[in-house]
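Asks: First the structure, which I've put down as structure tokens, then a few questions once you've had a look.
The values are calculated or read from the model by the stated rules, or taken from the named source; none is laboratory data. Bear in mind that the values here come from a model prediction, so they are computed numbers and not experimental data. Cβ coordinates were reconstructed from backbone atoms using ideal geometry, including for glycine residues, and neighbour counts include every protein chain displayed.
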């Protein structure tokens, strides 16, 4: 399974797909917001938590359809299904690889982009913490969605429709955590809820993803 | 007995393709599947490999005995030959890829990326994967596609060596590999009668 993770990371670096695309999207999205909303720092700092979380979520969504599609197209998925690695392990490793190539760079970039949106000082640690705890859930949910739609040509739209409603709780509590921190309220409760969602998805969704893969490989 | 199939019925999607398939493959024996295009060779092999659950009947084999090789090569074009083999070696528990490289003469290509190779070279790499799996029963779907005569001979030699070592193979192919202990099974006679009756073309032609 470590070999699988290493292969996926090597492929992501060589093909330049995962790392660059999502991060560039996040960057473009957040830098464009002040142009659309206007440069008033008061408004910007008020909407910054929501914008940053939304940007991260959409950036995550962008690379989801590649999780299983490439392996499906070149036949690797069939061969993996007949290998000693259980499909549950495969799904978990795919989610982890997606998080390392997508979620982790977003977490790292978020404080810099927070600066662009005039995010108030006390909110920075909470922004990083909520994204670090929340993006693994986005990757796990996305892997499940990708497993459901693997093999469907141009399945990206269906994947987005399936996954977006499942992303809503993470978005609500993640953004709430940061915005509470900006106004001096207690941000710990929403953060714990984000952590709970992540723990739940990591525990359950690899099994659901493996079951979906089994059906799709028939 | 490496593999015994009793009264197997296989489906592809919602359609039943084959019914009543029975055969046994002993260690050291190869079974050649014959049948026209679309007869159900791939469906049978996918069922044997465990990708598609059988509709009826049983497949008896040791757990984790079957190595499956499909039409698709399952190679990553951004990885080199060596990295592709090392990945599959890691997946199947670290085995030495040297005999696989030797058997398919991949030595000169080791640092070449799979995306830069010809179809025949990719096929050789894909077949070399079988040796890395170390599994006794090979289920091969048209393994010699895009191989030249020299490499078909290399493949036949690899299968012969595998059989000599107590392994066995089920191979869907249209060419004569010249294997020593090979039986031929024509799967046309197992083609599901239900499918024939439901076939709109058959009705139209009747």
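Asks: Taking the stretch A:54-67 as the search range and keeping residues that are modelled with pLDDT under 90 and over 10 Å from the mean Cα position of the chain (by Cα), which one is surrounded by the most Cβ atoms within 10 Å (Cβ to Cβ)?
Replies: Ranking the qualifying residues of the stretch A:54-67, first place goes to A:67.
Residue-wise test of (1) in contact (Cβ under 8 Å) with a residue 24 or more places away in the chain; (2) touching a helix residue (DSSP H, G or I) at 6+ places or on another chain (Cβ under 6 Å); (3) closer than 19 Å to residue A:99 by Cβ; (4) in a helix (DSSP H, G or I).
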| residue | (1), (2), (3), (4) |
| --- | --- |
| A:138 | yes, yes, yes, yes |
| A:158 | no, yes, no, yes |
| A:178 | yes, yes, no, yes |
| A:181 | yes, yes, no, yes |
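Asks: Continuing with this model, one more query. How many of the residues making up the stretch A:98-112 are over 11 Å from the mean Cα position of the chain (by Cα) and buried (at least 17 other Cβ atoms within 10 Å of the Cβ)?
Replies: Going through the stretch A:98-112 one residue at a time, the tally reaches 2.
Asks: If you go through the stretch A:1-41 one residue at a time, how many are more than 20 Å from residue A:57 (Cα to Cα), within 14 Å of chain B (Cβ to nearest Cβ) and part of a helix (DSSP H, G or I)?
Replies: Number satisfying all stated conditions: 13.
Asks: Answer with yes or no whether residue B:206 is modelled with pLDDT under 85 and surrounded by 14 or more Cβ atoms within 10 Å (Cβ to Cβ). Even if it seems obvious, please write down each step before you answer.
Replies: Details: modelled with pLDDT under 85: yes; surrounded by 14 or more Cβ atoms within 10 Å (Cβ to Cβ): no.
Against the criterion (modelled with pLDDT under 85 and surrounded by 14 or more Cβ atoms within 10 Å (Cβ to Cβ)), residue B:206 does not qualify.
Asks: Is it the case that the stretch A:71-84 has a residue that's more than 10 Å from chain B (Cβ to nearest Cβ), surrounded by 21 or more Cβ atoms within 10 Å (Cβ to Cβ) and either touching a residue at least 40 places away in the same chain (Cβ under 8 Å) or in a helix (DSSP H, G or I) (or both)?
Replies: To start, the set of residues in the stretch A:71-84 that are more than 10 Å from chain B (Cβ to nearest Cβ) comprises none.
No: the stretch A:71-84 contains no residue that is more than 10 Å from chain B (Cβ to nearest Cβ), surrounded by 21 or more Cβ atoms within 10 Å (Cβ to Cβ) and either touching a residue at least 40 places away in the same chain (Cβ under 8 Å) or in a helix (DSSP H, G or I) (or both).
Asks: Now for a separate question. One residue is enough: does the stretch A:35-47 have a residue meeting the conditions crowded, with 22+ Cβ neighbours inside 10 Å, out of contact with any strand residue (DSSP E or B) (no Cβ under 8 Å at 6 or more places or on another chain) and in contact (Cβ under 8 Å) with a residue 12 or more places away in the chain?
Replies: At the first step, the residues of the stretch A:35-47 found to be crowded, with 22+ Cβ neighbours inside 10 Å are none.
Within the stretch A:35-47, none of the residues are crowded, with 22+ Cβ neighbours inside 10 Å, out of contact with any strand residue (DSSP E or B) (no Cβ under 8 Å at 6 or more places or on another chain) and in contact (Cβ under 8 Å) with a residue 12 or more places away in the chain.
Asks: I'd like to check something: does the stretch A:207-218 contain any residue that is part of a helix (DSSP H, G or I) and closer than 17 Å to residue A:51 by Cβ?
Replies: The answer is no; no qualifying residue exists.
Asks: I've got another one for you. Checking the conditions here, which among B:4, B:12 is out of contact with any strand residue (DSSP E or B) (no Cβ under 8 Å at 6 or more places or on another chain) and touching a residue at least 24 places away in the same chain (Cβ under 8 Å)? Steps first, answer last, please.
Replies: On the way: B:4 fails: out of contact with any strand residue (DSSP E or B) (no Cβ under 8 Å at 6 or more places or on another chain).
Only one candidate passes the filter, namely B:12.
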